[in-house]
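Below: one structure, written as structure tokens.
The values are calculated or read from the model by the stated rules, or taken from the named source; none is laboratory data. None of these values were measured; they are calculated from a predicted model. Cβ: placed from backbone, ideal geometry, glycine included. Neighbour counts: every protein chain shown. Side chains included, ligands, DNA and RNA excluded: accessible areas come from the protein's heavy atoms. Shrake-Rupley method; radii C 1.70, N 1.55, O 1.52, S 1.80 Å.
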Amino acid sequence: MSKERVSLPPVSEIGAHIKKKQFLPVYFIYGEDTYQINQTIEELEAAILPTVNQEFDRGVYYGKSACDEVLDFAMSYPLGGQDKLVIYKELETRPEKEKNIFASYIKSPSPFTHLIMSHAGKFTAMGQEYAKALVEKGYIFESKPLQQRNLQSWIIQKAADNGKTIAPAEAALLIDLSGEDRAILEMQLDKIFLYLKDEKVITRETVMAQMVDTKKFLVFDLEKAIEENNGPQAFRVAFTLLDAGEYPLTMIGYFNKLFTNVSRIPEQIQSGISQPDAARQLGVQPWTYPKLAAISKRYSPNRLKIIAEALLEADLAVKTSVLDHKTIMTKLLSAIFPANSK
């Protein structure tokens, strides 16, 4: 394969597959816009599920699951006699050479299985055998983050979909206060919609009124608490955010991305890769890499495994259990800051 950058189709093309109900046997979705990745996977899952016996033939896996485990399930015959759906998230946490086990499958996929895989962040493994197979078969799709102007347009459209109007200036203000993560922006918009009730126009005053309580304790302040190994502060920030109406999946998603990156750093250091290149692999700004490296020194592989399990448990609890959100967040933060933390 040429060393020149391969032009890959955008994730938005998958919308046509969903509309026509004509699906590829394999989807590999990667990129920095995790909101779009997760939304696309949800839409694919909803469209495919009617042909799947959900009890036996639907499998959802995360990065802690080995590639051969996922492949075994994908290749096994559907017990329900229809199709199978296999979703494998967080592939960025698995070693690249391990993923090559998928190469043969990608070249000749099962006729009854829909395999959806996702990789958050930049993808730098085009030389790997499985990646070459994905490109050759047309199963790989890229999700690029929206530029500022497009992000404003997205906010304006979201407001219109909910019967509201917001001017570009107010949309830009919301981005300035909340950041560019679409999951967080969507939650902030939901709060604004509830606040406005029957009012139609989102004004500057409306945006400021909803953001003033949470501006002091943004989700990203949690990173500072982790950087300083300050458990009590992390609890204060998390509970303040919950009291202000933040949805816990925002924090869970942030922690997941943070600790996924932290878990990869020891391997990067051992390989001797430069910090700028390592930052690019993780999809972070170069100036944040030393902070992540410092955090990685405090967490052993065993502790990171415990945190990964706690993150999965918290994610499932928010979506499926009746536990209140503070209880869920307390259990998660207790895994991140064990009792002997200072």
Query - 20 Å tail of the calculated P(r), segment 144-277, as % of Cα pairs - result: 53
Query raised in the report: Taking the Cα atoms of segment 48-127 alone, what are Rg (to one decimal) and Dmax (as a whole number) in Å?
Result: 12.8, 38
Report task. With a point put 7 Å past each Cα toward its Cβ, work out how far Arg149 is from Asn230 in nm, to one decimal. Result -> 4.0
Query - segment 25-68 pair-distance distribution - Cα-Cα, 10 Å bins, rounded % - result: 20, 50, 29, 1
Query - Square roots of five times the Cα gyration tensor eigenvalues for segment 185-342, Å - result: 31, 20, 14
Query raised in the report: Which net charge results for the neighbourhood of Leu173, defined as the other residues with beta-carbon distances under 11 angstrom from its beta-carbon, given Lys and Arg at +1 and Asp and Glu at -1?
Result: -2
Report summary line: Helix-only [θ] at 222 nm, the chain, -39500 (n - 2.57) per DSSP H run of 4+, per residue, nearest 500, equals -17500 deg cm²/dmol
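Expressed as a whole percentage, what fraction of the accessible surface of segment 97-164 belongs to carbon and sulfur atoms when a 1.4 Å probe is rolled over the protein heavy atoms?
Values: 1490 of 3210 Å².
The computed percentage sits at 47.
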Query raised in the report: How big is the chain by the Kirkwood estimate over distinct Cα pairs, in Å?
Result: 21.7
